[in-house]
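This report concerns only the one structure given below.
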Amino acid sequence: MGSRSNRDMIRSAILRLIVAIVFLGVLWWLVARATRLPGLGQVLDTTTTLFVDDDRLARSILASSARWALGLVVGVACGLLVGMLCFLSDSRSRIYSACGLAIVDIMAFLRVVPIIGLPAVVISVAGLSESGKIFIIAWGAAFPVWLSTYGSLIGQDEEHLRFARAAGWTHIERLMRVTMPSMSHNVFVGIRLAAGVAWLCVVAAELIGIVERGWLGFGLGAELWEAMNLDRPAHAVVYMACFGILGVLTDLLFRLLERQMFVYAFRERRADA
Amino acid sequence: MIDETFDEVRVGNRLLFHKVSLRVPRGQVLALMGRSGIGKTTVLRLLVDRLSGRGPLGYMPQHGGLFPWQRVQQQMSNARHGLSDSAVHKVMTGLGLEQSLLRRFPVELSGGQRLRVGVSRALLAGGEICVLDEPFSGLDPATMFECASFLLQWVIAKQITLVFSTHGLDDAVTVADRIFVLRLGDQGNGEIFENSIQRADRFERTPADEQQVQLRRAILEAMGSVQPSQADWLSCASTVWRPPRRADARWRPSAPTSSSLIGKGEVPSASARPPI
């Protein structure tokens, strides 16, 4: 029964993929006929050149992925920390509460600052350094995590905590056995969103200085900007496709992890649950 | 025992009661009643907050309050350290829960099952005091009857002090020794009714029994806004079936076989309905 439904799932996934590729291909062909968008053949040629004749694309993928991963880690850590700090808003002390709410206001303001414009400011602070790029990626990644952390802390079920206090659990026990598990799924979803946002921020971050570091390439974003400046649309399409594929693959990874880690959230619900 | 007084009971800024005193001697059962939205849950929460930290306390929040991320097995082990499987088995059986439910997550349980898992968890806490917020809401009459009789047996066996809130007259008059009716704007203690029916007799007497009718009527009238004629009707209509009158079905606290109380093939008939 299980293997059969698995086979069905794989079959339907393959069918979906084929339909999606055909649909995209037709759409592309139509647009390429009407505009200067390079045709499929030209793009495939460019891909071969970039991948096979040169390791430049591979090295750029590596560079961008490394920045993405590092930025995501830093962003998630900051988002978690700030989210927890914001929870001071629930404190009984007026001063702590005011501090918490002030941080919430600051975050609400910073959240709507356009990330695409950040490089202009970051260059003046961090110069053309690698840390500036990581900062921009982390910036973008921090907000979804901040929101999910703060949201799940203030939305915590009071009755769960009351039960824990009645059972005589200590502060640490309540934190480990109630608060953390109750917020972990929400926070994970926040991290998954952040992973997507971080890819967007990679493009913005790599506006800053085109520098090669050791074996790492320029980065897909840098290549993309260069392709735009040098008017190489086929190259641009290849880099964009790389971003798309990397984004889908990393999201798939997070989805698989989510299913493994939060079994209870994927159980078939009773009608009244 | 419980002896707690709460002044100025509020929800947010809204004052519900000037003063509520809850006094329950050890081993006794108090039912908290009152019309929907009156503040039963609020009072119970205050009680739990007050009693927390004074040793183990069994608590079931409304709707069970189970942790969504844990299987029933783990929920049970939250009750206290070193809980034996046989204890869990005993309580679950008593409350009509199958052992196969232990592997399930709360989302995979029905509302009534979630409630009873919550009750099990509270009973297994091992404390002297147990607080249950609507342990019987939404259960069918047969299951309710089974659970109510098990709960009373547990109270007698473990000598625990139990406070529970309820909307049902049936469970109040069968389980509780005293019924506390909350009414809005109470200056003092609300109204308290002693259940003069002996514990051993409670599951024997039908709702048509004169003593039962009196108690049910009094509770309903105390809730307020009930016309005497309505009270007549309501006090009888909440139960239409009657436990079988068989010699071997007699309820004994020391020999708990709660399921034997549920009649085999006994169909509620019009004649079981008390005269209105």
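The values are calculated or read from the model by the stated rules, or taken from the named source; none is laboratory data. Keep in mind the model is a prediction, meaning the values are calculated, not measured. In this analysis, Cβ positions are derived from the backbone assuming ideal geometry, glycine residues included, and neighbour counts consider all displayed protein chains. Heads up: the accessible areas ignore ligands, DNA and RNA and are worked out on the full protein's heavy atoms, side chains in. Shrake-Rupley method; radii C 1.70, N 1.55, O 1.52, S 1.80 Å.
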Residue among B:146, B:194, B:128 that is charged (D, E, K, R) and in contact with a helix residue (DSSP H, G or I) (Cβ under 6 Å, 6 or more places away or on another chain): B:146
Within the range B:57-69, can you find the residues that are in a loop (DSSP other than H, G, I, E, B), over 13 Å from the mean Cα position of the chain (by Cα) and at the interface with another protein chain (Cβ under 8 Å from one of its Cβ atoms)? B:65, B:67, B:68, B:69
Working only within the range B:38-51, note down all residues that are open to solvent by less than 20 Å² (accessible area, probe 1.4 Å) and facing another protein chain (nearest Cβ under 9 Å). B:48, B:51
When every residue in the range A:244-273 that is within 14 Å of chain B (Cβ to nearest Cβ), open to solvent by less than 80 Å² (accessible area, probe 1.4 Å) and among the aliphatic types (A, V, I, L, M) is compared, the one farthest from residue A:70 (Cα to Cα) is A:273
Answer from A:241, A:195, A:234 - the residue that is more than 12 Å from every other protein chain (Cβ to nearest Cβ) and touching a Pro at 6+ places or on another chain (Cβ under 8 Å): A:234
Within the group A:16, A:33, which residue is open to solvent by 80 Å² or more (accessible area, probe 1.4 Å) and within 28 Å of the chain's Cα centre (by Cα)? A:16
(1) free of Cβ contacts under 8 Å to residues at least 60 places away in the same chain; (2) closer than 24 Å to residue B:178 by Cα: which one isn't true of residue B:40, the others all being true? (1)
Sort out which residues of the range A:138-165 are more than 31 Å from the chain's Cα centre (by Cα) and among the aliphatic types (A, V, I, L, M), and write them in order of number. A:161, A:164
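Filter the helices (runs of 4 or more DSSP H) completely within the range A:95-213 down to those with at least 1 residues that are farther than 28 Å from residue B:53 by Cβ and touching a residue at least 12 places away in the same chain (Cβ under 8 Å). I'd like the intermediate steps shown before the answer.
Working: elements: A:118-126, A:130-154, A:158-166, A:171-174, A:180-205.
The qualifying helices (runs of 4 or more DSSP H) are A:118-126, A:130-154, A:180-205.
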How many residues does the range B:93-135 hold that are part of a loop (DSSP other than H, G, I, E, B), of a type in the set (A, V, I, L, M, F, W, C) and more than 8 Å from chain A (Cβ to nearest Cβ)? 3
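Conditions (1) within 24 Å of residue A:220 (Cβ to Cβ); (2) surrounded by 14 or more Cβ atoms within 10 Å (Cβ to Cβ); (3) touching a Pro at 6+ places or on another chain (Cβ under 9 Å), marked per residue:
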site: A:68; (1), (2), (3): yes, yes, no
site: A:71; (1), (2), (3): yes, yes, no
site: A:74; (1), (2), (3): yes, yes, no
site: A:87; (1), (2), (3): no, yes, no
site: A:92; (1), (2), (3): no, no, no
site: A:99; (1), (2), (3): no, yes, no
site: A:106; (1), (2), (3): no, no, no
site: A:121; (1), (2), (3): yes, no, no
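Kindly indicate which of B:54, B:80 is at the interface with chain A (Cβ under 8 Å from one of its Cβ atoms), open to solvent by 70 Å² or more (accessible area, probe 1.4 Å) and assigned to a loop (DSSP other than H, G, I, E, B).
Numbers: B:54 fails: at the interface with chain A (Cβ under 8 Å from one of its Cβ atoms).
None of the other options fit; the residue is B:80.
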